[in-house]
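Report on the following structure.
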Amino acid sequence: MVLVMDVGNTNIKFGLFLGKELVNSWRVATDLEKTADELGVLTKSFFDFYKKDIEEVEGIIIASVIPSINYTLEHMCRYYFKQEPLFVDPGIKTGMNIRYDNPRELGADRIVNAVAAYEMYGGPCITIDFGTATTFSVISEKGDFLGGAICPGAKISSEALVRCAAKLPRVELIKPQSVIGRNMIACMQSGIIYGYVGQVEYLVRKIKKELPQRTARVIATGGLARLISTETDVIEEINPLLTLQGLRILYERNRVRP
């Protein structure tokens, strides 16, 4: 089995693969204060819950956007899994030409999503990851990573609104009954959700105009992907497991075979 980890600013998502099949997945809150032992015991508890043997893990790959937690994860993998983890970094074999001014600035999650999207759907394509930040990544017809866009996630935008406007309360990020809100909660939900839909549609439209084909398949992943997709037809595929699948693909491309 192969264990994959997608380390984001909000959550760490785990996936356990047997060949190409995802047999189990789970997530925990990202906590920079946790020690390697705490993470190890927590991870082992999920293996016990799913009745999986931790000793059957033959490899681990990690995509992390938080450099400060990497040493802790590395130590956890060595002690509890007896494995040297593979990190998604600029030295990894992606099979993709990264046409970025400075490839070292490119987030590991964006690389992973791009690899998975091109492998599974072909190109040209656009991935949209609705995470803490919302990232747009563009892959050419030939499989080159061309670049993209990054904007604040809907949750960040909502929290900033509450923090900076004294009278506005926290609201649940759900679609209101109508765009014209008739109370404060509905007005905020309308602005956040429908405003975000408009942002997605505009960016996708502008990106497609800059591509030679003027078209691209759009694949969405992340927490709000399904909600946003119900209000727009620019999203053609929703794949909540895109990042985990991409990690599995990269592991296979970089594993050392006996």
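Cβ-Cβ under 9 Å, sequence separation 6+ or interchain: first residue in the stretch 75-99 and farther than 12 Å from L3 by Cβ, partner modelled with pLDDT under 90 and loosely packed, with under 15 Cβ neighbours inside 10 Å. Which pairs?
D89/R104; P90/P103; P90/R104; I98/P90
Which one of these is polar (S, T, N, Q) and over 30 Å from K93 (Cα atoms): S140, S157?
S157 is the lone residue from the list that is polar (S, T, N, Q) and over 30 Å from K93 (Cα atoms).
Suppose we filter the stretch 176-192 for residues that are touching a helix residue (DSSP H, G or I) at 6+ places or on another chain (Cβ under 7 Å) and within 18 Å of T134 (Cα to Cα); how many remain?
1
Residues being open to solvent by less than 30 Å² (accessible area, probe 1.4 Å) and small (G, A, S): count how many of those fall in the stretch 14-26.
Result for the stretch 14-26: 1.
For the subset of the stretch 162-209 comprising residues that are of a type in the set (F, W, Y) and in contact (Cβ under 8 Å) with a residue 12 or more places away in the chain, which member is surrounded by the fewest Cβ atoms within 10 Å (Cβ to Cβ)?
Y194
Have a look at A108, A117, A29 and point out the one that is in contact (Cβ under 8 Å) with a residue 12 or more places away in the chain, surrounded by fewer than 14 Cβ atoms within 10 Å (Cβ to Cβ) and under 19 Å from the mean Cα position of the chain (by Cα).
Of A108, A117, A29, the one residue that is in contact (Cβ under 8 Å) with a residue 12 or more places away in the chain, surrounded by fewer than 14 Cβ atoms within 10 Å (Cβ to Cβ) and under 19 Å from the mean Cα position of the chain (by Cα) is A29.
Return yes or no: is V4 open to solvent by 80 Å² or more (accessible area, probe 1.4 Å) and either part of a helix (DSSP H, G or I) or in contact with a helix residue (DSSP H, G or I) (Cβ under 7 Å, 6 or more places away or on another chain) (or both)?
It is false that V4 is open to solvent by 80 Å² or more (accessible area, probe 1.4 Å) and either part of a helix (DSSP H, G or I) or in contact with a helix residue (DSSP H, G or I) (Cβ under 7 Å, 6 or more places away or on another chain) (or both).
From T10, T35, which residue is closer than 30 Å to E159 by Cα, surrounded by fewer than 17 Cβ atoms within 10 Å (Cβ to Cβ) and over 23 Å from the mean Cα position of the chain (by Cα)?
Matching residue, one of T10, T35: T35.
Does any residue in the stretch 210-238 that is open to solvent by 30 Å² or more (accessible area, probe 1.4 Å) and at pLDDT below 95 come within less than 6 Å, Cβ to Cβ, of a residue that is outside any strand (DSSP E or B) and among the hydrophobic types (A, V, I, L, M, F, W, C) six or more places away or on a different chain, and which pairs are these?
L224/A154; E231/V197
The values are calculated or read from the model by the stated rules, or taken from the named source; none is laboratory data. If you're wondering where the values come from, they're calculated on a predicted model, not measured in any experiment. Note that each Cβ is placed from the backbone with ideal geometry, even for glycine, and that neighbours are counted across all protein chains shown. Areas reflect the complete protein model, heavy atoms only, side chains present, ligands, DNA and RNA absent. Shrake-Rupley method; radii C 1.70, N 1.55, O 1.52, S 1.80 Å.
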